[in-house]
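The values are calculated or read from the model by the stated rules, or taken from the named source; none is laboratory data. In this text, all values refer to a predicted model and were calculated from it rather than measured experimentally. Virtual Cβ from ideal backbone geometry, glycine too; neighbours counted across all protein chains shown. Only protein heavy atoms, including side chains, enter the accessible area calculation; ligands, DNA and RNA are left aside. Shrake-Rupley method; radii C 1.70, N 1.55, O 1.52, S 1.80 Å.
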Amino acid sequence: MSIHKETPMKIHAKTALVGQNWVQNIRLTCAGGRIIKIETDVMTEATDNKVDTLLPSLGNLHSHTFQRAMAGMTEFRAKGRESFWTWRDLMYRFLGHLSPEQYEAIAALVFMEMQEAGYASVGEFHYVHHQPDGTVYDSLSELSDRVFAAAVETGIGLTHLPVLYTYGGVNQEALAGGQLRFSNDVDRFLTLVDGCKGNLDGLPDDAQVGIAPHSLRATSPADLTHVLNATPDGPVHIHISEQLKEVADVEAKLGQRPVAWLLENFDVTDRWCLIHATHMTREETIAMAKSGVVAGLCPITEANLGDGPFNGPTYLKHGGAFGVGSDSNIRISLTEELRLLEYSQRLRDMARNVLVDGEGSVGHTLYTGAASGGAQALGRDAGTIAVGKLADLVAVDRSNPTLCALRDDQLLDGICFAASDDVITDTWSAGRHMVQSGRHVSRDAIVAKYRRAINELLETI
Ligand SMILES: [Zn+2]
């Protein structure tokens, strides 16, 4: 009889951010995906993974992986058309042909890119469920299983969020065209969620399944009540108040703006993540901050789609939690996502150093805030370096010219405002060492598979 015993993984860093403090010459010992021991002022040993500076890694709390394949294809202005049109048209043409194999190849590329950018985990807001004409695959969870396969291949920490998408608008219009692939009523949706939970067996222990009612447009108050009653635990994500038309439609139908209506009619607690929450009154912003939810901010996509900036100062002043997501995946860059979050505020307010309540480092506030908020939104016991937490970690090379002159207390400002993602040398997802020397360990195979898939897809659309 052989007894399998995992050899603990050890990481030695010259510097690390432990809690809110910078410490030197540290060794983390990790087993079972978690940090089990932290030693400080220690010399390196032969069995250590040696890195320069170690940080808690962020969770990317909002992603639609398949949209990555459209990046760069919708940036032209069509005369006489609304600006959203070219993007939506191409998305529906993609959806008319995208196969399960192609879906998996795109997801693997995206997850790999996220890890290379320093994200250890992802919330996949997954709304493509069926065949192009709306017919269910032999397995209801076929495309969720493809996301699972991509998570296994890349080693990323997955919080899978199957989406309930039932209607084409607040007046419960029927779905049509490309939307047929999204369609589920509440019963079939709950069957899908159960199926996904059952299929978690093939994934690492840190993977989990939550739910994502798509938006107040695509579901109804009764359906929302039903799915929440049936799903008392785990993350709940919803798109909200992204665009002005959506706010007007919800107000006309439900009598209140989206965030105000949601907070008043549901028990919106710390397991919720409100994606975008762009257009809010001051009262909505304060109420949301105090509710304990996470604001899921996606500054690069929100800029790309012309949504508008988040009301950051009021939200932070009232203790609101936030995290970041790459949403459409037009660009996957952790440093740029955090940078644009602050710069969008500066451009609106014509002021500097906006996203700090009181005084302090903007980079520190952004990075540590997004680390803890991202972990909360994804239901991951992570977001800080501490004994017992998941080993979601990222290592940074401070000899890089963009960082080499900075003190410890300036490092996160350097990462947020001066550096590119190439300062990232290593990423661990729950202890899985997937990025080494700046490259994902399976990069070549994942990229080759993606190239084959995208070329095949482009030949059919
Ligand atoms: Zn989204």
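Summary table below
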{"quantity": "Lys, Arg +1 and Asp, Glu -1 on Cβ, resulting dipole of the range 164-213 about Cα centre, debye, nearest 20", "calculated": "200"}
{"quantity": "Amide hydrogen neighbours beyond the local backbone of residue 164, cut-off 5 Å, H modeled", "calculated": "212, 214"}
{"quantity": "Euclidean distance between Cα centres, the range 131-149 to the range 247-288, Å", "calculated": "31"}
{"quantity": "Leading residue at positive end of dipole, the chain (Cβ point charges), from 347, 427, 275", "calculated": "347"}
{"quantity": "The range 246-312 shape via C-alpha gyration tensor axes, a/c threshold 1.5", "calculated": "oblate"}
{"quantity": "The range 292-387 - Kirkwood radius from inverse mean 1/r over Cα pairs (Å)", "calculated": "13.7"}
{"quantity": "Rounded D (µm²/s) - the range 93-168, Kirkwood Rh over Cα pairs, Stokes-Einstein at 25 °C, 0.890 mPa s", "calculated": "189"}
{"quantity": "Summed residue charge, Cβ within 12 Å of residue 454's Cβ, Lys/Arg positive, Asp/Glu negative", "calculated": "+1"}
{"quantity": "In order through the range 411-421: 3J(HN,Hα) via Karplus (6.51 cos²θ - 1.76 cosθ + 1.60), integer Hz, x for Gly, Pro", "calculated": "4, 6, 5, x, 5, 6, 10, 10, 8, 9, 5"}
{"quantity": "Cα shape, the range 177-229, gyration tensor, a/c 1.5 rule", "calculated": "prolate"}
{"quantity": "Theoretical ellipticity at 222 nm over the chain - DSSP helices of four or more residues, -39500 (n - 2.57) apiece, nearest 500", "calculated": "-11000 deg cm²/dmol"}
{"quantity": "Under-5 Å amide H pairs with residue 209, H placed in peptide plane, nonlocal only", "calculated": "160"}
{"quantity": "Karplus (6.51, -1.76, 1.60) ³J(HN,Hα), θ = phi - 60°, over the range 16-31, in Hz, Gly and Pro reported as x", "calculated": "8, 9, 10, x, 9, 10, 8, 10, 10, 6, 10, 10, 9, 10, 10, 8"}
{"quantity": "Average Cα contact separation per residue, the range 246-300, under 8 Å, 6 or more apart, as relative contact order %", "calculated": "34"}
{"quantity": "Space enclosed by the convex hull of the alpha-carbon atoms of the range 1-63, per residue, Å³", "calculated": "128"}
{"quantity": "Accessible area (Å², 1.4 Å probe, nearest 10) - residue 137", "calculated": "30"}
{"quantity": "Computed FRET value (nearest 0.05) for residue 439 with residue 399, which takes r as the C-beta separation and R₀ as 22 Å", "calculated": "0.75"}
{"quantity": "Whole-number D in µm² s⁻¹ for the range 134-201, Kirkwood Cα-pair radius fed into Stokes-Einstein, 20 °C, 1.002 mPa s", "calculated": "163"}
{"quantity": "Debye-sum result for the chain in log10 I(q)/I(0), which assumes one identical scatterer on each alpha carbon, at q = 0.08 Å⁻¹", "calculated": "-0.44"}
{"quantity": "³J(HN,Hα) computed for each position of the range 276-290 - Karplus, 6.51 cos²θ - 1.76 cosθ + 1.60, integer Hz, glycine/proline x", "calculated": "6, 6, 6, 9, 10, 6, 4, 5, 4, 4, 5, 4, 5, 4, 7"}
{"quantity": "Test item: Cα-centred dipole of the chain, Lys/Arg +1 and Asp/Glu -1 on Cβ, debye", "calculated": "600"}
{"quantity": "Exposure rank, largest accessible area first [22, 261; 1.4 Å]", "calculated": "22, 261"}
{"quantity": "Cβ-defined net charge surrounding residue 243, 11 Å radius [Lys, Arg +1; Asp, Glu -1]", "calculated": "-3"}
